[in-house]
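Everything on this sheet refers to the single structure shown next.
The values are calculated or read from the model by the stated rules, or taken from the named source; none is laboratory data. What you see is a predicted model; the values in this text were computed from it and never measured. Here the Cβ positions follow ideal geometry from the backbone for every residue, glycine too, while neighbour counts run over all protein chains shown. Heads up: the accessible areas ignore ligands, DNA and RNA and are worked out on the full protein's heavy atoms, side chains in. Shrake-Rupley method; radii C 1.70, N 1.55, O 1.52, S 1.80 Å.
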Amino acid sequence: MKYEKISGFSDEIAEDIDTQFRVLKKLNIRYFEPRGIDGKSIADLSDEEAAGLKQKMKENGITVSSIGSPIGKVRLEDDFEEHFAQFKRVVEIARMLDARYIRMFSFYHQGGEVWSGEERKEVLARLGRMVAYAKEQKVVLLHENEKGIYGDTAERCADLMKELGCDNFRAVFDPANFVQCGEDTRKAYEAVKEHIAYVHIKDAFLADGRVVPAGSGDGNVEYVLEKLFEAGYDGFLSIEPHLGSFAGLENLELDDKMAGLPQGGEGTFTLAYRALEEILERVL
């Protein structure tokens, strides 16, 4: 059984969208998570560029799963009004591309791992304003757990969902990012499972945080997917390889599907896809 809702950060294949779409079609992937388009951030596209992208999507039969936006990946000390204007522009672009979902984050600060009560209050206020706007515009914000932001640990992700979780504010589950925060992904899954609307396929080693193909690290990717499917999950699985500098590739026991891959971005993206494919063959 082939799972249809597979997507990915295809800018890890190449900068130019034509190459991105060529490889996605080669792998029979019909969705993508636009982040870098012809060398520009998705948030910086002009109306004309967004229209051109939409035309290429139509020509290639490829649809947006979620906007891979940089929203919320700034410091609390930065000018929020300027960032909120960028957020509104991302929402405009999402609507131009007929995208329902927008990936986003929950801010960095200068205090290291310890977040003060005032900083938490500011994070909630900013995200609350974004969620209110998302409701008005009928889009869904997907919060990604990411090392260093407020919502990096399962506990703080659960806090965000308890305070703001709704139809327009849901969770991305990224196993590798939890691993890189020293988290047990099985416990993290239990903490946020009711709020998960999207999954990033990425794995990592607990010892050094190094990203590896799904199933090769400590992210319990197969366990998480099995639990999600048992609970009726039918959302997107978005491949985020992060394997460009992956060491030890030559030591993996590659089967026929993984042997002889092209070099560079196409090869590592394909490797990440094949690793997911093998997991899906076992859990579906």
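Contact order for the stretch 121-166, expressed relative to its length and based on alpha carbon pairs under 8 Å spaced 6+ residues apart, stands at 33 percent.
Near V212, the amide H atoms lying under 5 Å from its own belong to D203, A204, F205; only residues 5 or more places off or on other chains count, and H is placed 1.01 Å from N. Short-range pairs are left out: with C-alpha atoms under 8 Å and at least six residues apart, the relative contact order of the stretch 120-200 is 31 percent. Once backbone amide H atoms are built at 1.01 Å from N, I37 has I42 as its partners under 5 Å, excluding neighbours fewer than 5 places away on the same chain. When the residues K56, K121 are ordered by accessible surface, computed with a 1.4 Å probe over the protein chains alone, the sequence from largest down reads K121, K56. For the stretch 1-79, a Kirkwood radius taken over Cα pairs fed into Stokes-Einstein (4 °C, viscosity 1.567 mPa s) yields D = 97 µm²/s.
Per-residue Karplus couplings for the stretch 89-96, computed as 6.51 cos²θ - 1.76 cosθ + 1.60 with θ equal to phi - 60°, are listed in order as 5, 4, 4, 4, 5, 4, 5, 4 Hz, Gly and Pro entered as x.
For V114 and E277, the FRET efficiency from 1/(1 + (r/R0)^6), where r spans their Cβ atoms and R0 equals 51 Å, is about 0.80. Using the Karplus relation 6.51 cos²θ - 1.76 cosθ + 1.60 with θ = phi - 60°, the per-residue 3J(HN,Hα) values for the stretch 143-154 come to 7, 9, 5, 9, 4, x, 8, 4, x, 9, 8, 4 Hz, with x marking Gly and Pro.
Dipole of the stretch 1-114 computed with +1 at Lys/Arg Cβ and -1 at Asp/Glu Cβ about the Cα centre; of L53, I102, G8, farthest Cα towards the positive end is G8. Label-to-label distance for A51 and A132 is 3.4 nm, based on points extended 7 Å past Cα in the beta-carbon direction. Under the criterion of Cα pairs below 8 Å and six or more residues apart, the relative contact order for the chain equals 17 percent. Evaluated over the stretch 19-93, the count of Lys pairs having alpha-carbon atoms less than 21 Å apart is 13 (only pairs 8 or more residues apart or interchain).
For K25, the solvent-accessible surface computed with a 1.4 Å probe is close to 100 Å², ligands and nucleic acids excluded. Solvent-accessible surface (1.4 Å probe) assigned to Y3 amounts to roughly 30 Å². By a 1.4 Å probe calculation restricted to protein chains, V221 has an accessible surface near 10 Å², given to the nearest 10.
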